[in-house]
C-alpha cells in the first residue's frame, strides 16, 4: 500500500488571481518581503497496491483523468510506502 501525496498548481502561464489576492493581503499585513505567491491544491490518497510501478501508473492516470485540468494545471506526486 502507498500513500500518494499530490500537489496541483496552475501552470506558470496562467494568471493566479487567488495567489495575487493572498499576496496583497499578506503585504497589507506587513509581510512586504513575500513575492510571486501561487496557490494550489493538495490531495492525499491511499493506493492499495504492493507494486510501486503499478501504484505510480494508477495515480498518474487518476490525475490525468479526474484530479487535474491539464489545460491550466500541472501536477507532481510522491509515493510513500504504508505499512
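Read-outs throughout are calculated quantities, based only on the coordinates presented, and are distinct from any laboratory measurement. Here the structure is a predicted model, which means the values were calculated and not measured. Positions of Cβ are generated from backbone atoms using ideal geometry, with glycine treated the same way; all protein chains shown enter the neighbour counts.
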Query raised in the report: Right, residue 64: free of Cβ contacts under 8 Å to residues at least 60 places away in the same chain, touching a helix residue (DSSP H, G or I) at 6+ places or on another chain (Cβ under 7 Å) and surrounded by 10 or more Cβ atoms within 10 Å (Cβ to Cβ) or not?
Result: no
Query raised in the report: Taking into account only those residues within the stretch 1-54 that are in contact with a strand residue (DSSP E or B) (Cβ under 7 Å, 6 or more places away or on another chain) and not in a strand (DSSP E or B), which is nearest to residue 67 (Cα to Cα)?
Result: 11
Report summary line: Going through the stretch 6-49 in order, the residues found to be surrounded by fewer than 10 Cβ atoms within 10 Å (Cβ to Cβ) and in contact (Cβ under 8 Å) with a residue 40 or more places away in the chain are 48
